[in-house]
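Some notes on the structure that comes next.
Values in this text are rule-based calculations from the coordinates and carry no lab data. These numbers come from a predicted model, not from an experiment. FYI the Cβ positions are ideal-geometry reconstructions off the backbone, even for glycines, and counts take in every protein chain you see.
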Amino acid sequence: MNNRSKIYTKTGDKGETSLIGGTRVPKYHIRIEAYGTVDELNSYLGLIRDQQINNHYKEILIEIQNKLFTVGSLLASEKPTGKSTAIRDEDIILLENEMDVMSEYLPELHSFLLPGGDTVVSYCHIARCICRRAERVSTLLAQDNSVDEIILKYLNRLSDYLFVLARKIAFDINAPETPLKTRI
């Protein structure tokens, strides 16, 4: 028998898990929902990165995935230490700059777009929706708990980035964008 750690602990068999810091909470706890949704988003970004897309997009996605891992750990902490230094204004500026560069190539929007056009574009839209959910759940968590507002700002900007990325990838591969035909 080897001495490697086992991945299973059996401590969650009754529907509880531990936060960073050791506090046991039910697996449906809002903090678990928040960092679990960020983890789900991170996995979808990995799926997008595994597609045949521009290497620059892949590099940015790796940067984002690293930041999301940090966001998840901050959300998993029962006693956040206040203002995060792991997520900075520069991280938000990076997303904004990337969107600005991609938008230079894109036609102006005149209506809402229906998600789709190509598999990788659809993956970007799914990731965008998961990011919006992560933002909503994190905002709910912030109502009664300490959550650094830069996390909420980062998630907000990231969902915008994923929308623009979906459009830019559609543009790059000449996939159609389908405008909404119904009036709102």
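Label points 7 Å out from Cα along the Cβ direction at LEU47 and ASP89: separation in nm?
Computed distance between label sites LEU47 and ASP89 equals 3.6 nm.
Lys and Arg at +1, Asp and Glu at -1: add these up for the other residues within a Cβ distance under 13 Å of THR70 and post the number.
Values: positive: LYS67, ARG88; negative: ASP39, GLU63, ASP91, ASP148.
Around THR70, the surrounding residues sum to -2.
If amide hydrogens are placed 1.01 Å from N in the peptide plane, which non-local residues have theirs closer than 5 Å to the one on THR178?
LEU114
Given MET102, GLY117, GLN143, which one lies farthest toward the positive end of the charge dipole of the range 101-147, if we put +1 on the Cβ of every Lys and Arg and -1 on the Cβ of every Asp and Glu?
GLN143
What would the Debye equation give as log₁₀ I(q)/I(0) for the range 83-124 at q = 0.18, 0.20 Å⁻¹, counting only Cα atoms as equal point scatterers?
-0.77, -0.85
Can you tell me the dipole magnitude for the range 114-175 around its Cα centre, using point charges on the Cβ only (Lys, Arg +1; Asp, Glu -1), in Debye to the nearest 20?
Details: 8 positive and 7 negative charges, 30 e Å.
Charge dipole of the range 114-175: 140 debye, to the nearest 20.
Cβ under 10 Å from ALA166's Cβ, ALA166 left aside: what net charge do those residues give with Lys, Arg +1 and Asp, Glu -1?
On the way: positive: ARG128, ARG167, LYS168; negative: ASP118, GLU177.
So the environment of ALA166 carries a net charge of +1.
Applying the Karplus parametrisation 6.51 cos²θ - 1.76 cosθ + 1.60 with θ = phi - 60° to the phi angles of the range 140-150, what ³J(HN,Hα) value in whole Hz is obtained for each residue in order, glycine and proline being reported as x?
With the stated coefficients, the range 140-150 comes to 4, 4, 5, 4, 10, 9, 7, 9, 4, 4, 5 Hz.
Within a Cβ distance under 12 Å of PRO107, other residues only, what is the Lys/Arg minus Asp/Glu net charge?
Working: positive: ARG167, LYS168; negative: GLU104, GLU108, GLU177.
After counting each charged neighbour, the total is -1.
Just how far, in whole angstrom, is the range 165-184 from the range 35-63 if you go by their alpha carbon centroids?
Centre-to-centre (Cα) distance: 20 Å.
Along the Cα→Cβ direction, 7 angstrom out, place labels at THR23 and LEU180. What is the inter-label distance in nm?
3.9
Going down the table (LYS6/LYS79; LYS79/LYS153; LYS6/LYS153; LYS58/LYS79), which pairs top 30 Å between alpha carbons? Before the final figure, lay out each step's value.
Working: LYS6/LYS79 27 Å; LYS79/LYS153 20 Å; LYS6/LYS153 37 Å; LYS58/LYS79 33 Å.
Where the Cα-Cα span goes over 30 Å, the pairs concerned are LYS6/LYS153; LYS58/LYS79.
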